[in-house]
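The values are calculated or read from the model by the stated rules, or taken from the named source; none is laboratory data. Because the structure is a prediction, the values reported are computed rather than measured. Here Cβ is always computed from backbone atoms with ideal geometry, including for glycine, and neighbour counts include all displayed protein chains. Areas reflect the complete protein model, heavy atoms only, side chains present, ligands, DNA and RNA absent. Shrake-Rupley method; radii C 1.70, N 1.55, O 1.52, S 1.80 Å.
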Amino acid sequence: QGRLVESGGGLVQAGGSLKLSCAASGMIFSINPMGWYRQTPGKERELVATISSGGIARYADSVKGRFSVSRDNAKNTLYLQMNNLKTEDTAMYYCAVLGNDIWGQGTQVTVSS
C-alpha cells in the first residue's frame, strides 16, 4: 500500500505564495494520476487540481491562473505552487492517488487578510 506525506503548508498573507509538496512511497508513482484536494471544517472536500501520469494538469475554476500542479517522477514527488493566495484558500490540503483511495495526512494552509 502506498503512502503520501504532504508538507509546505503554513501561514501567509493574502497575495502571497506557498508551495506544497507531496512525497510518495510504496508505489510506482510515475504511472499514477494524482490530485490535490482541500477541505475546511463543515464543508465537503474540494478537488483543486489534478495531473495525469503524462503531466496533463486540470484545475478547479476557483484556482485557475493562480495555482500550478506539477510532478517530479524521479523524486516521487507531487507539487502545488500557489500564488496570489486569497483568504478563501484557507483549508487543509491533501494529496491523493486518483482512483485508488490513497491519501496523505494533510497540510494546513492559512491565508490572513
Mind checking which lysines have their C-alpha under 25 Å from Lys64, skipping anything on the same chain fewer than 8 residues away? Lys19, Lys43, Lys86
May I ask you to evaluate 6.51 cos²θ - 1.76 cosθ + 1.60, the Karplus curve with θ = phi - 60°, for each residue of segment 56-72 and list the ³J(HN,Hα) values in order in whole Hz, giving x for glycine and proline? 7, 10, 9, 9, 5, 4, 5, 10, 4, x, 10, 9, 9, 9, 8, 9, 10
Mean separation of Cα contacts under 8 Å (6+ apart) over length of the chain, as relative contact order %: 37
Accessible surface, the chain, averaged per residue in Å² (probe 1.4 Å): 52
Using each residue's phi in segment 32-46, evaluate 6.51 cos²θ - 1.76 cosθ + 1.60 at θ = phi - 60° and report the 3J(HN,Hα) Karplus result to the nearest Hz, with x for Gly and Pro. 9, x, 10, x, 10, 10, 9, 8, 10, x, x, 10, 6, 5, 10
In straight Cα distance, which aspartates and glutamates are under 16 Å from Lys75, not counting same-chain residues fewer than 8 positions off? Glu6
Using a probe of 1.4 angstrom, how much of the accessible area of the chain is carbon and sulfur, in percent? 48
For the chain, with only Lys/Arg (+1) and Asp/Glu (-1) charged at the beta-carbon, what is the dipole magnitude about the Cα centre, in debye rounded to 20? 160
